[in-house]
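Below is one structure; the comments refer to it alone.
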Amino acid sequence: MSFQQGLSGLNATSKSLDVIGNNIANANTYGSKVARAEFSDLYAASLGNEGSNLVGIGTKMSAVAQQFSQGGITTTSNPMDLAINGAGFFQLADPAGSSRSFSRNGQFKVDVEGYVVTNSGMRLMGIPADTGAGAEPTALKLPTGRMLPPQPTASVTVEFNLDSRNAAPTQPINFSDESTYNSATSVTVHDAQGISSAVTLYFRKTAAPNTWEVYATQNGLSVNDPPTPLTELVFADGGTAPTAPLAPFDLPVLSAGGLARTLQMDMTKATQFGASFAVSDLLQDGFSAGQLTSVAVEKNGEISARYSNGETRPAGTLILANFRNPQGLVPVGDNAWRQSSASGEVVPGQPGDGLVGAVQAGALEESNVDLTAELVNMITTQRMYQANAQAVKTQDQILQTLVNLR
């Protein structure tokens, strides 16, 4: 026996305790991955001793291997917290774009410039909304202008059923007298300033078979003076529109400044059956101005901005990264790794595609450290350290005995 075996054992177990201590310290670090100390034995190589009974000269640490197993996912109240359920990594870049790293920690925030950043200032990578698919990922920047401009209404589509059992009114139409028309429905339209007005459509059956007149008012006033039909709806005997669809027609309205403008009104899906009047669909393409209220991240990585007027606009797409050998990544601190030749090249992927996994907003991935197992390993390693120290002590006693021979 020599001091070499015991000394190498002391060094190895000391490093193992360092690894265990680091695991325990990061048990509550989101996105952290447990590390495992791996050892190999040592043999002295010399000529002429092949086949003989070799005695090892100790051990050494051959690697500290991180285990990229999935950690538990916990929900949070922050919509910018992101968790990956899969094998992917968030791609990060520094503000200058000179260095890139990868992380499983999704504690993101929005800085004053609108970039999605980590606590250390690294920017999250993805494809901006105004960039075509397949573009190179760049730093994601959310909308900085908090106001969405209004869009004036250009067309209105109404799908409804008129009751064929109704009788034709005999008196001239009077919008304040329900007996002079059969049915009515309203739609809100917007002008170029986003100011809304209520347009009410009135349907009046005529003496002609399967024929209805359409009138309209804006904020209670007829859109034409005197009130005249805007169009006629003529249905087939079966209650549906004729083979030639009912053509869209122009609806004159006023803007907030009193300027006349025209909307296109589409009623080509109207029907006339023996059932009560009912509107099954009503669409208009305008909206008022809206303020940015929130940002949402979908499972497929698509980021959208939501406004107070109910509108949603795309803000970009998150792109994750994967590697053929994640254990080849080099840890650089701040819950991040960098690429190396051992890890292989970056394999980009949109969340939900391949093995990169899905993204969950308002959630974080917990560390995959098993605290109970680490404490047991610490006790075992401590005993190993004591045993190696005892080996050194025993060797010292043997050497002392040899020195005391006379």
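The values are calculated or read from the model by the stated rules, or taken from the named source; none is laboratory data. From a predicted model like this one, the values you see are computed outputs, not experimental measurements. Cβ coordinates were reconstructed from backbone atoms using ideal geometry, including for glycine residues, and neighbour counts include every protein chain displayed. Ligands, DNA and RNA are excluded from the accessible area calculation, which covers all protein heavy atoms including side chains. Shrake-Rupley method; radii C 1.70, N 1.55, O 1.52, S 1.80 Å.
Quick notes on this structure:
- The share of accessible area on the chain that comes from carbon and sulfur is 52 percent, using a 1.4 angstrom probe.
- Electrostatic bookkeeping for Val214 treats Lys and Arg as +1 and Asp and Glu as -1; over the other residues with beta carbon under 10 Å from its beta carbon, the sum is -1.
- Förster radius 60 Å - calculated FRET efficiency between Ser186 and Asn85 (Cβ-Cβ, nearest 0.05): 0.85
- Range of Cα positions in segment 111-179 per principal axis (Å), largest first: 76, 28, 21
- Between helix 371-403 and the chain: long-axis angle, C-alpha atoms, 0 to 90°, nearest 10: 10 degrees
- The local environment of Leu251, defined by Cβ-Cβ distances under 13 Å, has a net charge of -1 under the rule Lys, Arg +1 and Asp, Glu -1.
- Estimated FRET transfer efficiency when R0 is 25 angstrom, pair Lys269-Ser176 (beta carbons, to 0.05): 0.30
- Segment Ser155-Gln397, length gained on full extension (0.36 nm per residue, minus Cα span): 77.3 nm
- Bridge orientation summary for the chain: considering DSSP beta bridges with both residues in this region, about 95 percent are antiparallel.
- Listed values (1) 65, 48, 48; (2) 56, 54, 42; (3) 139, 44, 36, entry calculated as Cα extents along the principal axes in Å: (3)
- Label-to-label distance, nm, for residues given as Val110 and Arg165 (7 Å Cα→Cβ offset): 5.4 nm
- Whole-Å distance, taken between Cα centres, linking segment 351-406 and segment 133-176: 65 Å
- Student exercise, segment 256-406 dipole from Lys, Arg, Asp, Glu Cβ charges, in Debye to nearest 20: 460 debye
- Tensor-based shape of segment 73-117 (alpha-carbon gyration tensor, a/c under 1.5 rounded, otherwise prolate or oblate): oblate
- Within the chain, helix-based [θ] at 222 nm, where runs of 4 or more DSSP H residues each add -39,500 (n - 2.57), nearest 500: -5000 deg cm²/dmol
- Residues whose placed amide H lies under 5 Å from that of Leu162, excluding near-sequence neighbours: Thr271, Gln272, Phe273
- Stokes-Einstein D (µm²/s) once Rh is taken as the Kirkwood radius of segment 270-406 over alpha-carbon pairs, at 4 °C in 1.567 mPa s: 57 µm²/s
- Surrounding net charge for Val234, when Lys and Arg each add one and Asp and Glu each subtract one, Cβ distance under 14 Å: -1
- Legend: calculated FRET efficiency, Ser276 to Asp130, from the Cβ-Cβ distance at R0 = 35 Å, rounded to 0.05, equals 0.15.
- Nearest-ten-degree value, helix 3-25 long axis tilted from longest Cα axis of the chain: 20 degrees
- Cα convex hull of segment 92-236 - mean projected area over all directions, nm²: 15.4 nm²
- When the chain is described by a simple charge dipole with +1 on each Lys and Arg Cβ and -1 on each Asp and Glu Cβ, the residue from Met61, Leu254, Phe273 located farthest towards its positive end is Met61.
- Per residue, segment 271-406 exposes an accessible area of 57 Å² to a 1.4 Å probe, with every protein chain left in place.
- Sparsely packed chymotrypsin sites (Phe, Trp or Tyr not before Pro) within segment 267-325, loop by DSSP, other Cβ within 10 Å at most 16: Phe277
- Extending 7 Å from the Cα toward the beta-carbon at both Ser99 and Met147 defines two label points whose distance is 4.2 nm.
- Largest GNM mean-square fluctuation among Asp396, Asp237, Asp225, using the chain with Cα springs under 10 Å: Asp225.
- Within a Gaussian network of the chain (alpha carbon springs, distance under 10 Å), most fluctuating of Gln107, Gln171, Gln272: Gln171
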